[in-house]
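Here's the structure, in structure tokens; my notes come after.
Readers should treat all values here as calculations from the given coordinates under stated rules, not as data from a laboratory. Bear in mind that the values here come from a model prediction, so they are computed numbers and not experimental data. Neighbour counts are summed over all protein chains in view; Cβ atoms, including those assigned to glycine, are modelled from backbone coordinates with ideal geometry.
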Amino acid sequence: MYRIGLVWLQDDLRLDDNPLIHRAADECEQLLFVYCVNPKWFQHNRYGLVTVGAHRWRFLLESLTELRKQLQALGQDLIVSYQSPLHTLAELFGQFPIDALYSSEHAGQYERTYQRLLQQRYPLIKHQQVNNNTLFNSNQLPFSLAELPDSFSKFRRKLEQQDLRQAIATPLAMPRQLPPPPNFVGALLEHHAAGLPAITTPHHAEFNGGELAAQQHLNSYFASTAASTYKATRNALDEWSASTKFSAWLANGSLSARRIHAQLCAYEAQQGANESSYWIFFELLWREYFHWYARHHQQRLFKFTGIQDKRPQTSFYSSRWQQWCSGTTAYPIVNACMNQLNATGYMSNRGRQLVASCFVHELELDWRYGAAFFEQQLIDYDVASNWGNWQYLAGVGADPRGHRRFDLAKQTQQYDPKGEFIERWQGDVAAQPEWIDAADWPIQN
């Protein structure tokens with residue numbers, strides 16, 4: 001047993017099905033819980049954007065507030081620190097005789113770098129990492145990470161050939177009790193949270209952050225028959241019930257993939273399995289693939305030439321970039337999708353494919369800028385799925401066909417034949433005239 005353990009939460013903001021918390025509770029006499037809000041998230045990055053935009057921040061803060069309430073109900077608390085992980089954890093290590101640091105294995109390159117630096121700086125502390133956000137553990141996969149299949153289809157076939165769906169672990173129940181915090185924690189709570197950014201976006205009617213909202217939505221979805229028609233409706237641009245909408249809570253770990261899978265299995269046992277219900281599992285496998293894809297390719301996830309070392313023929317045109325971001329392009333369906341994103345922090349999967357295709361093909365822009373804009377805006381931003389999907393559309397990722405392009409006129413006719421979505425989100429605006437200014441230059445790296 002360790003005397004004091006520190007649980008460093010990241011994209012695992014839940015008590016239900018959280019192996020990290022269960023392990024820490026089993027191994028420690030006292031526990032500290034901390035979440036680090038990095039000030040760098042709100043500073044301009046290399047793309048002239050911020051990492052966490054207003055919608056993402058609202059949803060994240062709601063999630064943290066809910067988790068803190070849950071921990072307090074079990075006699076614990078959550079330190080929300082407005083400092084970098086290296087700074088925050090160094091302070092806590094200096095203030096308490098911490099024996100063990102617990103954290104989840106992360107798909108992001110920067111997050112794994114923080115974990116590696118902490119291990120190097122504090123070798124006397126036991127560093128415990130737990131796989132916490134996927135359906136499978138790495139040792140369950142029928143290949144090593146170095147042998148990850150180069151396409152999703154190959155990945156899925158390997159899993160299904162061995163019927164590995166049966167190997168997905170049963171989700172863990174929420175803990176009924178937790179070890180207490182060390183003395184004198186109360187004074188730290190306000191100190192670390194000082195200066196947190198204000199909320200500047202209104203409360204969302206459906207997307208409320210936190211585990212309670214996640215569980216309510218999960219139960220509500222599978223109490224309906226929507227899963228039985230999911231495949232037929234999933235590409236709708238705006239209807240709430242047309243797709244599962246689990247992604248926002250999955251992204252920050254308010255909901256686990258294993259819990260969704262368990263609910264899906266229970267639904268299929270009661271209502272019957274069909275192609276649509278299987279397609280929900282299919283989408284969970286896509287998320288799974290991109291997690292291991294990011295772990296395998298590491299920094300190449302963010303590289304202009306992608307995993308294929310193939311240089312796209314794109315440039316940076318500031319006017320086109322601004323039009324795309326603001327929803328004032330020559331393509332009404334793209335404008336409507338971007339206006340929806342900017343207003344709500346959410347866009348349908350079909351909408352994301354259309355605006356990304358336009359970005360890369362019609363506007364001929366560097367795909368990394370589009371990925372970075374999504375990172376800023378989307379409340380369901382997931383580093384692996386976001387950058388992996390953008391590579392896929394840009395022809396530098398895991399798409400065996402490469403550089404696939406969507407016919408925007410045809411897609412508009414298919415998914416918005418009456419123009420209702422475009423009208424609702426004011427996509428039919430006159431595009432600003434395109435020009436080439438002195439700031440436009442070919443991207444070299």
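Relative to the current alpha-carbon distance between Leu74 and Arg404, full extension at 0.36 nm per residue lengthens the span by 113.7 nm. Electrostatic tally near Phe222: other residues with Cβ closer than 14 Å to its Cβ, Lys and Arg +1, Asp and Glu -1, net +1.
Could you compute the net charge surrounding Ala371? Neighbours are other residues with a C-beta less than 13 Å from the C-beta of Ala371; K and R count +1, D and E count -1.
On the way: positive: Arg46, Lys303, Arg352, Arg368; negative: Asp366, Glu375, Asp382.
Once positives and negatives cancel, what remains is +1.
Taking every alpha-carbon pair under 8 Å whose residues sit at least 6 apart, segment 264-337 reaches a relative contact order of 11 percent.
Compactness of segment 85-221 was expressed as the Cα radius of gyration divided by 2.2 N^0.38 Å, which yields 1.41. If you run the Gaussian network model on the chain, springs between alpha carbon atoms under 10 Å, then out of Ala330, Ala251, Ala73 the most flexible one is Ala73. Relative to the longest principal axis of the Cα atoms of the chain, the long axis of helix 332-344 lies at roughly 20 degrees.
Excluding Thr200 itself, what net charge comes from residues whose Cβ is under 15 Å from its Cβ, given Lys and Arg +1 and Asp and Glu -1? With Lys, Arg at +1 and Asp, Glu at -1, the neighbours total +1.
At q = 0.13, 0.22 Å⁻¹ the log10 of I(q)/I(0) for segment 158-249 amounts to -0.82, -1.23, computed by Debye summation with a single uniform scatterer per C-alpha, solvent ignored. In terms of the Cα gyration tensor, with a ≥ b ≥ c the square roots of its eigenvalues, is segment 345-420 rounded because a/c is under 1.5, prolate because a/b exceeds b/c, or oblate? Oblate, since a/c reaches 1.5 and b/c is not below a/b.
Across segment 55-106, the volume of the C-alpha convex hull divided among the residues equals 117 Å³ per residue.
Taking the centroid of alpha carbons for each part, segment 328-351 and segment 199-236 are 20 Å apart. The count of lysine pairs in the chain that are at least 8 places apart or cross chains, and whose C-alpha atoms lie under 28 Å apart, stands at 18. Binning the alpha carbon pair distances of segment 211-298 at 5 angstrom intervals from zero yields the distribution 3, 14, 24, 26, 19, 9, 4, 1, 0, expressed in whole percent.
Among Met174, Met347, Met338, the residue with the largest mean-square fluctuation in a Gaussian network model of the chain, with springs joining Cα atoms closer than 10 Å, is Met174.
Rounded to the nearest 5, what % of DSSP beta bridges with both residues in the chain are antiparallel? The antiparallel fraction comes to roughly 10 percent. Work from the charge dipole of the chain (Cβ charges, +1 for Lys and Arg, -1 for Asp and Glu, about the Cα centre) and give the residue of Ala205, Pro142, Ala232 farthest towards its positive end. So the residue we want is Pro142. Over the C-alpha atoms of the chain, the Rg to Rh ratio, Rh being the Kirkwood estimate, stands at 0.96.
Rounded, prolate or oblate: which one fits segment 315-442, using the alpha carbon gyration tensor with axes a ≥ b ≥ c (rounded when a/c is under 1.5, else prolate when a/b beats b/c, else oblate)? Note, shape of segment 315-442 comes out rounded.
With 0.36 nm allotted per residue and the present C-alpha distance subtracted, the Phe282-Phe143 stretch has 48.1 nm of extension available. The label-point distance for Gln322 and Gln119, in a model that sets each label 7 Å from Cα toward Cβ, rounds to 4.7 nm. Under the criterion of Cα pairs below 8 Å and six or more residues apart, the relative contact order for segment 1-133 equals 34 percent. The distance between label points at Met174 and Lys40 comes to 3.4 nm (points 7 Å beyond Cα on the Cα→Cβ vector). Take every Cα pair under 8 Å whose residues are at least 6 apart in sequence, average their separation, divide by the length of the chain, and the relative contact order is 20 percent.
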